[in-house]
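Accompanying notes for the structure given below.
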Amino acid sequence: MGLIETLTRRTGDTTPIARFTLGCGIFYLAFGLGLVGWPAQLQVVLHERAFVGDEASLIRALGMAVAIIGWFYVFAARSGARPVFAASVVDRLLVPLLLGPLALSGVFPLTLGTFAVLDPALALIAWALLRREH
């Protein structure tokens with residue numbers, strides 16, 4: 001089977017956790033690509049401070065990382081891989097450990113603070129969905 005056929009083949013079912021993970025993946029993919037294409041959206045949408053130096057390039061790199069996370073969430077959802085759903089709970093619960101202090105120190109506080117709160121909240125929803133399916 002070729003690469004495209006493998007990518008487009010659906011192997012999992014559409015459980016609530018799979019649909020939730022797919023939605024999260026689409027959000028992360030879109031948000032990340034948005035940062036790659038338009039890093040200044042942080043100033044326009046979230047009213048973050050103006051970039052100094054090479055920060056726009058760093059935001060693009062961050063956007064690429066977020067988009068890749070979204071890509072993997074989309075394919076985890078399509079595959080129905082419960083271990084990946086469980087792993088996403090763990091990694092999302094760890095996000096505030098890094099982003100929280102950065103946001104509190106003034107590094108893009110609205111953007112990083114939002115993710116420091118949003119990711120654990122999404123983790124708790126995913127955890128509840130996993131427990132309900134068990």
Checked segment 49-68 for anything in contact (Cβ under 8 Å) with a residue 12 or more places away in the chain, of a type in the set (Val, Ile, Thr) and surrounded by fewer than 18 Cβ atoms within 10 Å (Cβ to Cβ); matches are Ile68
Failed condition for Thr11, given (1) among the hydroxyl-bearing types (Ser, Thr, Tyr); (2) open to solvent by less than 60 Å² (accessible area, probe 1.4 Å); (3) at pLDDT below 95, with all others met? (2)
Can you find a residue that is within 13 Å of Ala126 (Cβ to Cβ), open to solvent by 40 Å² or more (accessible area, probe 1.4 Å) and of a type in the set (A, V, I, L, M) anywhere in segment 23-36? no
Go through segment 94-124 and give me each residue that's buried (at least 16 other Cβ atoms within 10 Å of the Cβ) and within 16 Å of Ile17 (Cβ to Cβ). Leu122, Ala123
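The values are calculated or read from the model by the stated rules, or taken from the named source; none is laboratory data. What you see is a predicted model, and the numbers here were worked out from it, not measured in a lab. For neighbour counting, all protein chains shown are included, and Cβ atoms are generated from backbone atoms with ideal geometry for every residue, glycine included. These accessible areas exclude ligands, DNA and RNA; they are computed on the full protein's heavy atoms, side chains included. Shrake-Rupley method; radii C 1.70, N 1.55, O 1.52, S 1.80 Å.
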